[in-house]
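Colleague: Dumping the structure here so I can ask a few things about it.
The values are calculated or read from the model by the stated rules, or taken from the named source; none is laboratory data. On a predicted model such as this, the values are computed, not experimentally measured, just so you know. Cβ placement follows ideal geometry from the backbone for every residue including glycine, while neighbour counts extend to all protein chains displayed. Note: accessible area is taken over every heavy atom of the protein model, side chains too, but ligands, DNA and RNA are not part of it. Shrake-Rupley method; radii C 1.70, N 1.55, O 1.52, S 1.80 Å.
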Amino acid sequence: MALWQIEFSKDAYKSYKKLEKGYQTKIDKVLSLLINKEKLDIKPVEGERDVYRIRIGKYRLLFKLLSDRQTILVFKIGPRGDIYKKI
């Protein structure tokens, strides 16, 4: 049973829609594993509080855990080189 919900910021949703269908499918699969608390390559982002990243091929997905609402907020999706700028 999934206890967490997934929400996308407006910018993250735009980035998601611009991705190739193959990467959209991979992101969907990873988010499904995340809400079901499966083991993933999740790492905290250095210098940021409560911000985590998941590696999905050449892309990174940045998210925050909003424990008061039981929500995972995906706020940025992009290539590795650009994703950490202006968090």
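Colleague: Quick one: ranking PHE8, PHE63, PHE75 by accessible area, 1.4 Å probe, largest first, what do you get?
Modeller: PHE8, PHE75, PHE63
Colleague: Give the lysines whose C-alpha is closer than 17 Å to that of LYS37, dropping any in the same chain fewer than 8 places away, or say none.
Modeller: LYS26, LYS29, LYS64
Colleague: Here's another thing I want to ask about it. First compute the accessible area of the chain with a 1.4 Å probe, then give the percent of it belonging to carbon and sulfur atoms.
Modeller: 49
Colleague: Now a separate question. Of the listed values (1) 15.8, 52; (2) 16.1, 55; (3) 12.2, 35, identify the label whose number matches Rg and Dmax of the Cα atoms in Å calculated from this model.
Modeller: Here Rg and Dmax of the Cα atoms in Å agrees with entry (3).
Colleague: Taking 0.36 nm per residue of sequence separation and subtracting the Cα-Cα distance, how much length would be gained by fully extending the chain between LEU66 and LYS39, in nm to one decimal? Please report the intermediate quantities before stating the final value.
Modeller: Working: separation 27, 0.36 × 27 = 9.72 nm, distance 1.93 nm.
Gain on stretching LEU66 to LYS39: 7.8 nm.
Colleague: Related question: GNM on the chain, C-alpha springs below 10 Å: top fluctuator among SER67, SER32, SER15?
Modeller: Checking each option, the largest mean-square fluctuation is seen for SER67.
Colleague: Please work out the average accessible area per residue across the chain, using the 1.4 Å probe convention, and give it in Å².
Modeller: Accessible surface, normalised per residue, equals 70 Å².
Colleague: Relative contact order of the chain, please, whole-number percent, based on alpha carbon pairs below 8 angstrom and at least 6 residues apart.
Modeller: The normalised contact order for the chain reaches 32 percent.
Colleague: Are there GluC sites (Glu not before Pro) in the stretch 1-53 that DSSP marks as loop and that have at most 13 other Cβ atoms within 10 Å, and which are they?
Modeller: The qualifying sites are GLU20, GLU38, GLU46, GLU48.
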